[in-house]
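What follows draws every value from the coordinates through simple rules; no lab data is involved. Just so you know, these numbers come straight off a predicted model, no measurement behind them. As a convention, Cβ positions derive from the backbone with ideal geometry for all residues, glycine included, and neighbour counts pool all protein chains shown.
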Amino acid sequence: MIESMRLWQGLSQELGAAAGFEQTGVTYLAASAEELARFEEWLVHARHYGLDTRMVSRAELQATLPNGADWVGAMSTPSDARAEPWTAVPAMARLAREAGALIIEDCAARSLDLSGGKVAGVHTEAGLIRTERVLLAGGAWSSLFARNAGLEIPQLSVRATVCATMPMPEFWQGAAADSDFAFRRRQDGGYTLAPGSDHDFWIGRDAFRHLKAYLPQLKRDFKSTRLSPAAPKGFPDAWRTARRWGAGDESPFERMRVLDPPPSRRLLEKIHRDFAKAFPHFGRPVVRQAWAGMIDTMPDQVPILDQSPIAGLFVATGLSGHGFGIGPAIGRVMADLLRGRDPEHDLHRFRCSRFSDGSEIVLGPSL
């Protein structure tokens, strides 16, 4: 997160307002003394890296963010920033092109071309691309692509629901979240709202295959997880989604090019209730748009950032919904790995082998 913030600041200098980058701050709200104590423990890391993170008292919070949720305090980092995806992503793509990158859209990567157990290229729907190094960063599709190449990644995905309000008075400039819901000021004058950690999980073959590895996470998050018996047709772990295909076959990634699930009505209603409870002077927000997305996660909620057992195949996946925020730092780390350079970070926690070498599953931090 710390490296990402520095890289976002660097990008902001290159892209300026075109990327929608603004330092508006991120605040974590505590509903109990126990939550507040966990935030205080994190301050050690913030101070070590020179961040401006600080604790906020109940009185100061009520003065700056009048609420009916009775938050006991908060942890805030004023230098944290926002960047609107629909402006930041095209701006970064433009920079990549200027640096010599070739971006090809609407072209599925079907499978790896292997020679002697090493990567020799990638088969796409438009033909073979010869290369000795490949980065698999397919989000919720990563596990399916890897398995077709003979690599097991214990990845699952959940549906997260989000909505945007109509323009409304600015009551908070930045982003904030508690365990129930999160909100962020938008450049269009509204707020983006999300239901905290609540999500939907569709049961499929991988859910049974990786059940043991996910038990610690399931135990912790059971109350916030809504289980359904089957994923929609064509989704990564749907019962009828193909698990094996050849280089000349139509792949699952062509049958469903955009993974765009409908939002959960149940969670949209929850967002309305939680917002109205926290801010009774506004009441239930008027929603302009609602959407959902599939969040890829690992058993310990920590990404894989590593070279895989297949020589030449590198993996960056399982970012648990934080990919847009930490993407710049991870992009730099993976670029270093692919080019054989020292990434200047200890990546032991992010190794592929932690799920097969007998290591204990240790859940990552929730922040």
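Only four residue types carry charge here, +1 at the Cβ of Lys and Arg and -1 at the Cβ of Asp and Glu. Report the dipole size of the chain about the Cα centre in Debye, rounded to the nearest 20.
860 debye
Sorting 103, 304, 310 by the number of Cβ atoms found within 10 Å of their own Cβ, with the fewest placed first, yields 103, 310, 304. Helix 265-278 versus the longest principal axis of the chain: what angle, 0 to 90°, nearest 10, using Cα atoms? Approximately 30 degrees, to the nearest 10. Cβ crowding within 10 Å ranks 284, 244 as 244, 284, fewest other Cβ atoms first.
A Cβ-based charge dipole, computed about the Cα centre of the range 59-109 with Lys and Arg at +1 and Asp and Glu at -1, lands at about 160 debye.
Give the calculated FRET efficiency between residue 41 and residue 223 to the nearest 0.05, with a Förster radius of 25 Å applied to their Cβ-Cβ distance.
On the way: r = 23 Å, r/R0 = 0.94.
About 0.60, to the nearest 0.05.
In this rough spin-label picture, where each label sits 7 Å from Cα along the Cβ direction, the residue 173-residue 131 distance is 4.1 nm. Rounding to the nearest 10 and keeping the result within 0 to 90°, find how far the Cα-based axis of helix 323-338 lies from the longest principal axis of the chain. Its long axis makes an angle of about 30 degrees.
Taking the Cβ of each residue in 45, 281 as the centre, tally the other Cβ atoms inside 10 Å and list the residues starting with the fewest. Before the final figure, lay out the partial values.
Details: 45 14, 281 10.
By the 10 Å Cβ count, ascending: 281, 45.
The phi-based Karplus calculation (6.51 cos²θ - 1.76 cosθ + 1.60; θ = phi - 60°) puts the 3J(HN,Hα) values of the range 93-106 at 4, 5, 5, 4, 4, 5, 8, x, 6, 10, 9, 10, 9, 6 Hz, whole numbers, x for Gly and Pro. Using only side-chain charges placed at the Cβ, +1 for Lys and Arg and -1 for Asp and Glu, the dipole size of the range 290-367 relative to its Cα centre rounds to 180 debye.
Model label points for residue 357 and residue 215, set 7 angstrom from Cα along the Cα-to-Cβ axis, are 2.3 nm apart. Angle of helix 33-48 to the longest C-alpha principal axis of the chain, folded into 0 to 90 degrees and rounded to 10: 60°. Projecting the Cα atoms of 290, 251, 271 onto the dipole axis of the range 250-291, where Lys and Arg carry +1 and Asp and Glu carry -1 at the beta carbon, places 271 farthest toward the positive end.
Ordering 348, 358, 325 by the projection of their Cα atoms onto the charge dipole of the chain, which places +1 on the Cβ of Lys and Arg and -1 on the Cβ of Asp and Glu, puts 358 at the extreme positive end.
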